[in-house]
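The values are calculated or read from the model by the stated rules, or taken from the named source; none is laboratory data. If you're wondering where the values come from, they're calculated on a predicted model, not measured in any experiment. Cβ coordinates were reconstructed from backbone atoms using ideal geometry, including for glycine residues, and neighbour counts include every protein chain displayed. Just so you know, the surface numbers come from the protein's heavy atoms only, side chains and all, with ligands and any DNA or RNA stripped out. Shrake-Rupley method; radii C 1.70, N 1.55, O 1.52, S 1.80 Å.
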Amino acid sequence: HAANAAVQEKACRALRNITFGNNARRQAAVAAGALPQIVAAMRAPSATAAVQESACEALASITAGTHAQGDVRKQAAADMGTLPHIVAAMRAHAANAAAQEQACWALANITVGTDAQGSARKQTAADAGAL
């Protein structure tokens, strides 16, 4: 149901709900292939502001945490190309405060880190126009 915005929105919202506040479920979601599905939802021509908001919520939840597992999830999200898609969503839905807020959370969670990978994620976000 890749072309159905309502299904994509609800799927991303479900991922957010399932992974919120639980590292084991975050890990399980990544292992099950959640990240490419979120990116696909963001890239779909039918990606409404609500889809983008829910996708960013899911990304923010999955990439939460400053421990080693969280760092791995952040890098996996960046490697899937999420950062340019988040910035694109912000541009496409600039007037939608809820989409902007969730995109900011996703950017913040994915780009946190002081190691070389964290610095690279920050640069990728900047190169995508996040500044």
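Pairing each residue of region 1-23 that is more than 20 Å from residue 70 (Cβ to Cβ) and at pLDDT below 95 with any residue that is open to solvent by 80 Å² or more (accessible area, probe 1.4 Å) and not small (Gly, Ala, Ser), provided the two are 6+ apart or on different chains, yields C-beta distances under 6 Å for 7/1. For region 105-119, which residues satisfy the criterion of being in contact with a helix residue (DSSP H, G or I) (Cβ under 8 Å, 6 or more places away or on another chain) and assigned to a helix (DSSP H, G or I)? Answer for region 105-119, where residues must be in contact with a helix residue (DSSP H, G or I) (Cβ under 8 Å, 6 or more places away or on another chain) and assigned to a helix (DSSP H, G or I): 105, 106, 107, 108, 109, 110, 111, 117, 118. Every listed requirement among (1) surrounded by 15 or more Cβ atoms within 10 Å (Cβ to Cβ); (2) at negative phi is met by residue 65 save one, (2). Within region 73-85, restricting attention to residues that are at negative phi and either without any contact (Cβ under 8 Å) to a residue 40 or more places away in the chain or among the small types (Gly, Ala, Ser) (or both), the residue that is least open to solvent (accessible area, probe 1.4 Å) is 77. Yes or no: region 103-110 includes at least one residue that is within 20 Å of residue 130 (Cα to Cα), open to solvent by 60 Å² or more (accessible area, probe 1.4 Å) and free of Cβ contacts under 8 Å to residues at least 60 places away in the same chain. Yes, because at least one residue in region 103-110 is within 20 Å of residue 130 (Cα to Cα), open to solvent by 60 Å² or more (accessible area, probe 1.4 Å) and free of Cβ contacts under 8 Å to residues at least 60 places away in the same chain.
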